[in-house]
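K.L.:
Dropping a structure here in structure tokens format, bear with me for questions.
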Amino acid sequence: MNRLFYFSGSGKSKRFAEFLGKELKIEPEDLTKTKNFSANTSVIVFPVYCQNIPDPVVTFIEKLNTDKIAFAATYGRKSYGNVIEEAAELSGSEFIGGICVPCGHSFLSEPDDFEFSSVVKFVERIKNPHKAFCEPSHKDFYADLIPAKRTRIGVKITRNDFCNNCGICETNCSMGAIKNGYTNKNCIRCLRCVTECPQKALEFKTLWFMKVYLTAKRKNEVKLYL
Ligand SMILES: Cc1cc2nc3c(=O)[nH]c(=O)nc-3n(C[C@H](O)[C@H](O)[C@H](O)COP(=O)(O)O)c2cc1C
Ligand code: SF4
Ligand code: SF4
């Protein structure tokens, strides 16, 4: 059985997974909701967080039992670090390909802006799977320096008066980091709660130093590992 999984905060990786799903004729599955961890070939789509793999994705890769695996990382035109290499190592399954796709940054409320044409070779590889070369890349020395805490300081989530305590944010949060619209220290600022709140009761704000960092020196590279 071939399966396509995704993790998504602000919805960009989900939309990219939906695009891949159409090309591959596989229904994308939210990896935070699946109870079945077996597959022949798996594709995992996830966003880059602080040049790292988001924690829920790490946990999922460790549980997944698959013969072959491919990864697609969406990143916000800053840096993708070495997430594909780390994901391939973590999995231990036969690595058949990877891609880092530039798109809008979650914290800048940008459009997705995928370059679909660049994905053709990746899609072809999944259709005709064989072992890929995972070229080593590097991440910045500070990438592993309390990344979630740094993000929590730079990005604030606030609840407004529209909240009706429906609990949907709590159900959707894979980190157990929110209750009735109030986040706690487990929050990784994925923004899924903000995206999914039916009342639009959650808002996020980036602090000035984060804005400076986010808008400086962007890059638009599609990186293929085949
Ligand atoms: C907590 C967090 C950290 C991020 N770190 C990076 C990063 O290191 N480099 C980058 O280019 N984009 C970064 N981004 C942007 C996302 O990788 C990018 O917007 C991604 O497509 C979001 O996917 P999603 O909407 O599926 O969550 C970060 C976004 C978040 C929420
Ligand atoms: S999903 Fe929105 S309305 Fe519901 S509890 Fe959370 S913040 Fe409040
Ligand atoms: S509380 Fe934090 S970790 Fe949970 S969904 Fe919201 S932003 Fe993501």
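K.L.:
Take segment 43-64 and flag every residue that is of a type in the set (Ser, Thr, Tyr) and in contact (Cβ under 8 Å) with a residue 24 or more places away in the chain. Spell out how you get there, then give the answer.
P.N.:
Step one: of segment 43-64, the residues of a type in the set (Ser, Thr, Tyr) are 49, 59.
Once the filter is applied, which keeps residues that are of a type in the set (Ser, Thr, Tyr) and in contact (Cβ under 8 Å) with a residue 24 or more places away in the chain, segment 43-64 yields only Tyr49.
K.L.:
Right, next: Any idea which of (1) surrounded by fewer than 12 Cβ atoms within 10 Å (Cβ to Cβ); (2) away from ligand 3 (no atom under 16 Å from the Cβ) is the one Gly176 doesn't satisfy?
P.N.:
The number of the failed condition is (2).
K.L.:
Please pick out the residue among Ile146, Ile126, Ile84, Ile99 that is among the β-branched types (Val, Ile, Thr) and within 16 Å of ligand 3 (Cβ to nearest atom).
P.N.:
Details: Ile126 fails: within 16 Å of ligand 3 (Cβ to nearest atom); Ile84 fails: within 16 Å of ligand 3 (Cβ to nearest atom); Ile99 fails: within 16 Å of ligand 3 (Cβ to nearest atom).
Just a single option satisfies the conditions, and that option is Ile146.
K.L.:
Restricting to segment 92-107, what's the tally of residues that are over 16 Å from the mean Cα position of the chain (by Cα) and more than 17 Å from Val123 (Cβ to Cβ)? Working first, answer last.
P.N.:
Here is the first cut: in segment 92-107, the ones over 16 Å from the mean Cα position of the chain (by Cα) are 92-97.
If we keep only those that are more than 17 Å from Val123 (Cβ to Cβ) as well, we get 92-94.
Total meeting the criteria: 3.
K.L.:
A follow-up question, please. Can you tell me which residue in segment 165-210 is farthest from Val58 (Cα to Cα), limited to those that are without any contact (Cβ under 8 Å) to a residue 24 or more places away in the chain and of a type in the set (Phe, Trp, Tyr)?
P.N.:
Trp208
K.L.:
Something else: Taking the options Asn220, Asn186, name whichever one is open to solvent by less than 70 Å² (accessible area, probe 1.4 Å), within 15 Å of ligand 1 (Cβ to nearest atom) and not in a strand (DSSP E or B). It would help to see each step written out before you state the result.
P.N.:
Values: Asn220 fails: open to solvent by less than 70 Å² (accessible area, probe 1.4 Å).
Of Asn220, Asn186, the one residue that is open to solvent by less than 70 Å² (accessible area, probe 1.4 Å), within 15 Å of ligand 1 (Cβ to nearest atom) and not in a strand (DSSP E or B) is Asn186.
K.L.:
Next question. Given segment 65-164, what strands (runs of 3 or more DSSP E) lie entirely inside it while holding 2 or more residues that are in contact (Cβ under 8 Å) with a residue 12 or more places away in the chain and open to solvent by 20 Å² or more (accessible area, probe 1.4 Å)? Before the answer, list the steps.
P.N.:
Numbers: elements: 65-75, 94-102, 155-159.
The strands (runs of 3 or more DSSP E) meeting that bar are 65-75, 155-159.
K.L.:
Okay, next question. May I ask you to say which residue of Ile53, Ile61, Ile96, Ile126 is in contact with a His (Cβ under 9 Å, 6 or more places away or on another chain) and at pLDDT 95 or above?
P.N.:
Numbers: Ile53 fails: in contact with a His (Cβ under 9 Å, 6 or more places away or on another chain); Ile61 fails: in contact with a His (Cβ under 9 Å, 6 or more places away or on another chain); Ile126 fails: in contact with a His (Cβ under 9 Å, 6 or more places away or on another chain).
So the residue among Ile53, Ile61, Ile96, Ile126 that is in contact with a His (Cβ under 9 Å, 6 or more places away or on another chain) and at pLDDT 95 or above is Ile96.
K.L.:
Yes or no: Ser106 under 18 Å from Lys14 (Cα atoms), hydroxyl-bearing (Ser, Thr, Tyr) and assigned by TED's automatic domain parsing to the domain that holds Val58? Working first, answer last.
P.N.:
Numbers: under 18 Å from Lys14 (Cα atoms): yes; hydroxyl-bearing (Ser, Thr, Tyr): yes; assigned by TED's automatic domain parsing to the domain that holds Val58: yes.
Against the criterion (under 18 Å from Lys14 (Cα atoms), hydroxyl-bearing (Ser, Thr, Tyr) and assigned by TED's automatic domain parsing to the domain that holds Val58), Ser106 qualifies.
K.L.:
Residues that are under 27 Å from Tyr213 (Cα atoms), more than 12 Å from the chain's Cα centre (by Cα) and not in a helix (DSSP H, G or I): does segment 9-30 have at least one?
P.N.:
Looking only at segment 9-30, we keep the residues that are under 27 Å from Tyr213 (Cα atoms), and these are 9-16.
Filter again for more than 12 Å from the chain's Cα centre (by Cα), leaving none.
No; the residues of segment 9-30 include none that is under 27 Å from Tyr213 (Cα atoms), more than 12 Å from the chain's Cα centre (by Cα) and not in a helix (DSSP H, G or I).
The values are calculated or read from the model by the stated rules, or taken from the named source; none is laboratory data. No experiment lies behind these values; they were computed from the predicted model shown. All Cβ positions, even for glycine, are placed from backbone atoms using ideal geometry, and neighbour counts span all protein chains on display. We work out accessible area using only protein heavy atoms, side chains counted, and drop any ligands, DNA or RNA first. Shrake-Rupley method; radii C 1.70, N 1.55, O 1.52, S 1.80 Å.
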